[in-house]
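Notes follow once the structure below has been shown.
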Amino acid sequence: MDRRPAPSALAEFVLLTGPLGSGKTTLLSDHLALSATSDTGVIINDAGEVNVDGAIIGSDHRDLALATLSDGCICCSLGNSLQDGIDALLLARADRQLGPLRRIILETSGLAEPGPIVRSLRQVRQMDFNLRIITTFDASQSTDEDDFLPHYAAQLAAAQIVVLTKLDAVPDKRWPVRAAEVQRFNPLAVQVAVSRREERALAAFAGAGGHPPVISSFTASKPQPSRITIAFARWSEAASWEAIGEWIEDVSGYLGSRLLRLKGFVRPYGFLDPLLINGIGGAFSSPRPIRIESGTSLGLTMILRDVSKEEFIRFPRTASEPELMFK
């Protein structure tokens, strides 16, 4: 008998990412100021000897269950450090005889890539949870500038929600331009673009994880930044799950860390409902059946870094080869 909690009863793990100086700590502090935090735990990971962000959050919210990681772990999997942070939160609540956490928020270093962290989360031993990834994007900076690092592309690609920050420094007529830049990096993400800090925090953290995902329609767009390619794979109705799954495994193995995101729906031959496929940086959730609205496009959107259309087309052919389209 399956004794795991129903999805609605699962805790939520929020991975808060974003480039250096893009406003992650401000967004988190605004959220905590607006919300009851008795059942929320926060882990702050900073890439220096002194965890400045952790000190700021701890000073502003002294009753908050807080763990800080100052091991400089900016691009690895966090390994045992993440487990230690979760252990510290749960132990603190047990000592105070409090109930279980409803939400844990991990604010990462500005240089962290989400993929390795997601792989570490799969090894957490105490709890099951719904994962949500929120990424901040400094709207006053362009993705075409030299200081837009590859890590930042990975953060945008992994996001379910992208929060445009520092909009007060951007003329209103430029907002659509910045929103279009984000959309070109990640057509899967919901965007939050409001200037008032309270409204922005409410919109970013509203709701709970586990809702059916929203897949953007696949339309023509402006040319991508030179290092980012977005591809779409679609199979025929006769394709089996074995064939589709083999292709996904082959692509993931071939591209490695260059596959930033893979997400979408496939309906293999003989399946009544589509399967939700969701991968971040090579870490995949188990495929699961899901009910979707009639007319929803079937297929997988892939966000690739340093992979040209020509290279992807030359990927070894198999019997399960899908139809490919590119933005």
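Determine the gain in length on full extension of the stretch R227-L202; use 0.36 nm per residue of separation and subtract their C-alpha separation, reporting nm with one decimal. Could the numbers behind the result be given before it?
Working: separation 25, 0.36 × 25 = 9.00 nm, distance 3.29 nm.
Difference between extended and current length: 5.7 nm.
Here the relative contact order of segment 228-327, from alpha carbon pairs under 8 Å that lie six or more residues apart, stands at 43 percent. Stretching R102 away from I313 to a fully extended chain increases their span by 71.5 nm, per 0.36 nm per residue minus the current alpha-carbon distance.
Once C-alpha pairs closer than 8 Å and six or more residues apart are averaged by separation and normalised to the residue number of segment 81-171, the relative contact order reads 31 percent. Of the accessible area of segment 86-176, computed with a 1.4 Å probe over protein heavy atoms only, carbon and sulfur atoms account for 50 percent.
Take the Cα of L324, step 7 Å toward its Cβ, do the same at S286, and the gap between the two points is 3.1 nm.
Modelled spin-label separation between D273 and L298, with each label point placed 7 Å from Cα along the Cα-to-Cβ direction: 1.5 nm. Distance between the 7 Å Cα→Cβ label points at R258 and Q83: 3.3 nm.
The values are calculated or read from the model by the stated rules, or taken from the named source; none is laboratory data. Note that the structure is predicted; figures quoted are calculated from it, not measured. Positions of Cβ are backbone-derived with ideal geometry, glycine not excepted, and every protein chain shown enters the neighbour counts. Ligands, DNA and RNA are stripped out before the accessible areas are found, and what is left, the full protein with its side chains, is counted by its heavy atoms. Shrake-Rupley method; radii C 1.70, N 1.55, O 1.52, S 1.80 Å.
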